[in-house]
1. Of V13, V118, V203, which is the most mobile in a GNM of the chain whose springs link Cα atoms less than 10 angstrom apart?
2. Name the shape class, rounded, prolate or oblate, that the alpha-carbon gyration tensor gives for the stretch 1-103, where a ≥ b ≥ c are the square roots of its eigenvalues, rounded holds for a/c under 1.5, and otherwise prolate holds if a/b is larger than b/c and oblate otherwise.
3. So which GluC sites (Glu not before Pro) in the stretch 153-205 pass both tests, a DSSP loop state and at most 10 other Cβ atoms within 10 Å of the Cβ?
4. Considering only G105, G194, G122, give the residue with the highest GNM mean-square fluctuation for the chain, with springs between Cα atoms whenever their separation is below 10 Å.
5. Multiply the residue separation of R55 and N198 by 0.36 nm, subtract the distance between their alpha-carbon atoms, and state the gained length in nm to one decimal.
6. Pick from N120, N198, N71: which is most flexible by mean-square fluctuation in a GNM of the chain where alpha carbon atoms under 10 Å apart are linked?
7. Can you give me the C-alpha center-to-center distance between the stretch 112-131 and the stretch 195-215, rounded to a whole angstrom?
8. Determine the sum of side-chain charges near V51: Lys and Arg each +1, Asp and Glu each -1, restricted to other residues whose C-beta is under 11 angstrom from that of V51.
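The values are calculated or read from the model by the stated rules, or taken from the named source; none is laboratory data. What you are looking at is a predicted structure, and each value in this text was computed from that prediction instead of being measured. Virtual Cβ from ideal backbone geometry, glycine too; neighbours counted across all protein chains shown. Just the protein is used for accessible areas: all its heavy atoms, side chains included, with ligands, DNA and RNA removed. Shrake-Rupley method; radii C 1.70, N 1.55, O 1.52, S 1.80 Å.
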Amino acid sequence: MQLNLTKLGHSCVRVEAGGVTLVLDPGAFSDPDAMEGADAILVTHEHFDHVVPDRLRAALDAKPDLEVWTNPAVAAQFADLGGRVHAVAHGDVLDIGGVPVHVYGAKHASIHRDIPLVDNVGFLVGGEVFHPGDALTVPEEPVATLLTPAAAPWLKVAEAVDYVREVAPRRALLIHDAVLSDAGREVHTRLLTGLTENPDRTVALPVNGQALKLG
């Protein structure tokens, strides 16, 4: 399946496939108009940098046929919207406007033992691109394009390197980078590229707003 992917700030991406537009994790560090034109919203977990409930409600109010797929904890916050917000879990296989989406993972990576883990699901879209949210989930099927967290309170560079090596995608695109300065982005990109890129794999930090053809 031919996909176009556009990074829209931090951990948010827009995926266009077969005339359907999906937006994943439109949080507080995403472009303000990230959800504009979306046919479906996918949310990995409840943290503010991945979803802003008031913004999501506004988008749902503005477009009556817009629907959301997310984990049970986030879905419960929108119980009043009935069937428009769908709870999903590890192993679910979705068909969103003809685009297959497989769900993997259950919990957020550990930040610290004093902070309880929250629900976190990852989405493999179109059999091509996997968004893990805030976790290092390894899907049970090949991944062509891995959206790789570049920096987070729960992540070491060494862990990100090992994650890319374990998933072994053809392409690793760095996301979750708003917590870095410009210099930090350069350092993390250089390290992740140097330690994971090979003749069978490209690694890059996408330019916000620039569409990439995948598949």
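1. V118
2. Values: a/c = 1.35, a/b = 1.08, b/c = 1.25.
Since a/c stays below 1.5, the shape of the stretch 1-103 is classed as rounded.
3. none
4. Checking each option, the largest mean-square fluctuation is seen for G194.
5. Working: separation 143, 0.36 × 143 = 51.48 nm, distance 4.01 nm.
Here the segment from R55 to N198 would lengthen by 47.5 nm.
6. Between N120, N198, N71, it is N198 that shows the largest mean-square fluctuation.
7. Each part reduced to its Cα centre gives a spacing of 20 Å.
8. Working: positive: R55, R57; negative: D25, E46, D49, D54.
Surrounding charge for V51 is -2.
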